[in-house]
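Take a look at the structure set out below.
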Amino acid sequence: MSSEVQLISGQLELEHRHCATVARACAGVPGAPAADFGEAPAPLRQACMDYLVLELTAFEERDQRLADHARAAAGRGGERSALAQALGRRGSSREALTLLEAAVAGRSGGWREFADFCGASWSTRREAIAGSLGGLSTAEWRALSGIDADSIVQERQAFARVAAALPAGISLEGPAAGSA
């Protein structure tokens, strides 16, 4: 695996982890900012929504490019690839965005359902997709991932805004040492 492919793969994994972390924070898991995200400070709610929409949309766009790639490859070989199978699994970013929308609209249990989905179906599908990409060339990784310097900076800035909006003593990893 080339160093560029390792960088792209690493960034995708980081974005996957960050999405799951922000989703858990919205659901109010232990160490997260609020048991009811609707009562969290407005700057935190906005930073989380901005981050999740940015990233889930980016993952959905990647999935569309990967689906096009898988269809083209199947047309050449006739066999359904591991990538096509992974893309066909439940847990799409489109589903996650729909659950996010329901949570924002105030559906009872919506934040927990969204976080559970991101931690289970969405994450399992992401891992299956990542596991099926081993045969791609560096050029294919570059084109299909949509990862470039600008997207990396945008993701890091958006995640940093979430972290900066957290109440004192709370981090995205849990309560700060010595805090209750």
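Could you list all residues from region 145-172 that are at positive phi and surrounded by fewer than 14 Cβ atoms within 10 Å (Cβ to Cβ)?
If we filter region 145-172 for residues that are at positive phi, which is where we start, we get 146, 169.
Once the filter is applied, which keeps residues that are at positive phi and surrounded by fewer than 14 Cβ atoms within 10 Å (Cβ to Cβ), region 145-172 yields only Gly169.
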Yes/no for Ala102 being under 25 Å from Arg142 (Cβ atoms), at pLDDT 90 or above, in contact with a Gly (Cβ under 8 Å, 6 or more places away or on another chain) and not basic (Lys, Arg): no
Candidates Glu140, Glu113, filtered to the one that is surrounded by 15 or more Cβ atoms within 10 Å (Cβ to Cβ), in contact with a Lys or Arg (Cβ under 9 Å, 6 or more places away or on another chain) and acidic (Asp, Glu): Glu113
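Tell me the residue from Glu15, Glu60 that is out of contact with any Asp or Glu (no Cβ under 6 Å at 6 or more places or on another chain), assigned to a helix (DSSP H, G or I) and at pLDDT 95 or above, please. Let's see the steps before the verdict.
Values: Glu15 fails: out of contact with any Asp or Glu (no Cβ under 6 Å at 6 or more places or on another chain).
From the options Glu15, Glu60, the qualifying one is Glu60.
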Cβ-Cβ under 7 Å pairs, at least 6 apart or on other chains, region 102-127 side charged (D, E, K, R), far side assigned to a helix (DSSP H, G or I) and surrounded by fewer than 20 Cβ atoms within 10 Å (Cβ to Cβ): Arg126/His16
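Considering only residues of region 1-24 that are β-branched (Val, Ile, Thr) and touching a helix residue (DSSP H, G or I) at 6+ places or on another chain (Cβ under 7 Å), which is farthest from Glu155 (Cα to Cα)?
Quick first cut of region 1-24, residues β-branched (Val, Ile, Thr) only: 5, 8, 21-22.
In the following step, the residues that additionally are touching a helix residue (DSSP H, G or I) at 6+ places or on another chain (Cβ under 7 Å) were identified as 5, 8, 22.
On the way: Val5: 18, Ile8: 13, Val22: 13 Å.
Across region 1-24, the extreme among qualifying residues is Val5.
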Some residue of region 68-89 being in contact with a Phe, Trp or Tyr (Cβ under 8 Å, 6 or more places away or on another chain) and modelled with pLDDT of 85 or more: no
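The values are calculated or read from the model by the stated rules, or taken from the named source; none is laboratory data. All figures in this text were calculated on a predicted structure; none of them were measured in a lab. Cβ atoms come from the backbone with ideal geometry, glycine included; neighbour counts cover every protein chain shown.
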